[in-house]
1. Would you mind giving the mean number of other chain beta-carbons within 10 Å of the Cβ of each residue in A:140-150, as a whole number?
2. With a ≥ b ≥ c taken as the square roots of the eigenvalues of the C-alpha gyration tensor of region A:48-167, please select rounded if a/c is under 1.5 and otherwise prolate if a/b is larger than b/c or oblate if it is not?
3. Binning every alpha carbon pair distance of chain A at 10 Å from zero, what are the percents per bin?
4. Multiply the residue gap between A:GLU22 and A:VAL217 by 0.36 nm, knock off their C-alpha separation, and tell me the result in nm, one decimal place.
5. Provide a whole-number value for the mean count of partner chain Cβ atoms within 10 Å of the Cβ atoms in peptide A:67-79.
6. What does the convex hull of the alpha-carbon atoms of region A:92-144 project to on average, in nm²?
7. Evaluate the distance, in nm, between pseudo-label points positioned 7 Å from the Cα of A:LYS188 and of A:ASP128 along their respective Cα→Cβ axes.
8. At what distance in nm do the modelled label points of A:LYS174 and A:ASP121 sit from each other, each positioned 7 Å from its Cα along Cα→Cβ?
Amino acid sequence: TKPNMSEDETKPTNDSTKSEDEVVTVFHDPQNFNVKHPLMNEWTLWFTKPPSGKGDNWNELLKEVVTFDSVEEFWGVYNNITPTSELALKSDYHLFKKGVRPEWEDPQNKHGGKWSYQFKDKRSAPIDELWLHVMLAAIGETLENDNDGEVMGVVVNVRKGFYRIGLWTKTTGKVIPGSGDGDVAGGKGRSAEKSKDVLMGLGKKFKEVLKLKDAEVVEFSGHTESAHSGSTRAKAKFTV
Amino acid sequence: DTTKPVEAAQPTPQLDSLRSARMIQRIEDISYPADIASPNPALNRTAPMGKFRYGKDFLLQFETKFTEKPSINWDARLKETVGDTTEPSSAR
């Protein structure tokens, strides 16, 4: 499949074959572009393998797939990975900011929570499109406003009776010890009202991305409340 | 990775471009082909240099443009992480 190309063409460098300020995007020439579109954050895609039934623990099942930092690379990943609709039951994809493990116990998640919605009619839910749109909203940074600082990652769970998509946040609207005095997520300089507004704004945006109707309720719950209740069906702290 | 696997395939021109391309610093300076909708400038009014927001419609335009595997060892990486769902022909 390797095209027959000269040495010059196969090894693009910042040399004289093209004028140095000629900007070529993937739209101008998909095979020979020289600039790419940076993401605001680096993102890591993780996958949870379904348990084998041999007593494997969660840490062995949670695998880091790839980390990327450009729009072009995201599509290279997306176009070459198993669609959610073809995954086995008990699989998850997690797309998180680089350096954050998609677990409640991670230091950056342990004070946080999640907005989530279950699609109970699996056949009618266009899960591949829904998950793609949630990922695009995350990497395109359109879920939150400047300096909100709440988004940690997004997740899709494939289960017997439903698909569930979640949006994980850094806080549950409370001050996090050690987060400083600033107007940042978990900081003392952010009022309780603003913290709640930020979380509610995220929930509304998430609901919009999922194209849910007004009557379909998206719920927010804290991770530790979920942990203590022994299930992910903890009572919702907020709803939109 | 400092060493390349012996059996590694050559990167395709598209993957070569991905690796060598530089990150766009000033998105307002890019002129896109006529059939491509440019990023919404309203999203990036307060963005720091080289860090941009992108709307869904802009991002979806890349779907058919960058289609190749994002690394030389992608198939092995997928097999190790996501599993065998994608390669029914490979040996078990």
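Each value in this text was obtained by applying a stated rule to the coordinates, not by laboratory testing. Since the structure is predicted, the reported quantities are computational estimates derived from the model, not experimental observations. Heads up, the Cβs are rebuilt from the backbone with ideal geometry, glycines too, and the neighbour counts pull from every protein chain shown.
1. So the per-residue partner count for this stretch is 3.
2. Taking the square roots of the gyration eigenvalues as a ≥ b ≥ c, region A:48-167 is rounded.
3. 7, 28, 32, 18, 10, 5, 0
4. 65.2 nm
5. Neighbouring Cβ atoms belonging to other protein chains average 6 per residue here.
6. Mean projected area for region A:92-144: 4.5 nm², to one decimal.
7. 5.2 nm
8. 3.9 nm
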